1. When the Debye formula is applied to the Cα atoms of segment 6-108, each taken as the same point scatterer, what base-10 log of I(q)/I(0) results at q = 0.10, 0.20, 0.23 Å⁻¹?
2. Taking 25 °C and 0.890 mPa s as the conditions, I'd like the Stokes-Einstein D for segment 77-134 in µm²/s, using the Kirkwood hydrodynamic radius from alpha carbon pairs.
3. Which whole number in µm²/s is D for the chain by Stokes-Einstein, with the Kirkwood Rh taken over Cα pairs at 4 °C and 1.567 mPa s?
4. Just want to confirm a number: the relative contact order over segment 1-142, from Cα pairs under 8 angstrom separated by 6+ residues, in percent.
5. Can you tell me what the convex hull of the Cα atoms of segment 191-280 projects to on average, as an area in nm²?
6. Counting pairs of Cα atoms in segment 67-221, how many percent are more than 29 Å apart?
7. On alpha-carbon atoms, Rg over Rh for segment 145-189 using Kirkwood Rh?
């Protein structure tokens with residue numbers, strides 16, 4: 001069961017980047033994310049309540065509002081926005097920098113990085129700089145800005161949440177989705193590009209359904225299960241396994257390609273992430 005959960009986490013979350021790319025053919029970026037989290041959050045929340053999991057308290061809902069806005073509203077919403085301009089594989093590589101920001105923001109709360117983590121931070125940020133200098137990101141500043149803000153928002157939200165009054169892990173995930181849906185709906189209205197695009201087809205609809213069911217419910221469910229059953233280093237290993245998988249999906253199924261500098265940057269970023277996240 002543990003191996004199945006780990007493989008599903010690698011494959012499902014590694015493939016969501018390409019699924020987002022396909023869904024964008026028929027849906028606007030923020031609109032697509034809003035539909036995804038409204039559907040997934042509603043189903044997940046209803047199933048958990050049916051199983052007897054306690055609903056969040058009012059105080060917990062307020063914490064969920066902050067986390068849902070930062071992690072899913074900005075963290076995931078900006079990924080969807082960026083993929084209008086850059087490939088899915090390159091997006092995954094950029095998002096792999098999240099643990100670097102997580103370690104840096106941890107210092108704000110007195111959790112200073114160790115010497116090994118500091119080396120990992122330095123190495124990782126060299127990779128982030130290289131990634132923004134070469135290939136598609138250099139040619140698409142809007143995508144580059146979105147992919148810079150996204151992991152920062154996700155990391156800050158993660159660090160901010162530690163020690164807060166939160167519901168049970170799976171209920172926390174469902175509540176964040178329900179919070180993110182109206183936030184992303186508002187972003188859709190402010191962006192002014194509507195919800196559905198003229199190019200909508202069966203593939204884009206299928207990709208959105210895949211994101212809601214597999215990317216959200218099954219993916220997050222497997223992650224929470226692993227956190228309870230294995231060491232954190234194993235559960236969070238998706239941070240450096242998913243980018244190569246996403247690149248592979250993008251190349252084989254999406255017809256994408258990466259520049260040599262992008263591949264070098266990916267290797268450097270992942271080396272930094274391994275140093276930070278892998279606990280001996």
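1. Calculated log10 I(q)/I(0) at the listed q: -0.36, -1.21, -1.30.
2. 195 µm²/s
3. Working: Rh = 18.9 Å.
Here the translational diffusion coefficient equals 69 µm²/s.
4. Values: 60 pairs, mean separation 38.9, N = 142.
Computed value for segment 1-142: 27 percent relative contact order.
5. Average of the hull's projected areas for segment 191-280 equals 8.7 nm².
6. 23 percent
7. 1.03
Each value in this text was obtained by applying a stated rule to the coordinates, not by laboratory testing. What you see is a predicted model, and the numbers here were worked out from it, not measured in a lab.
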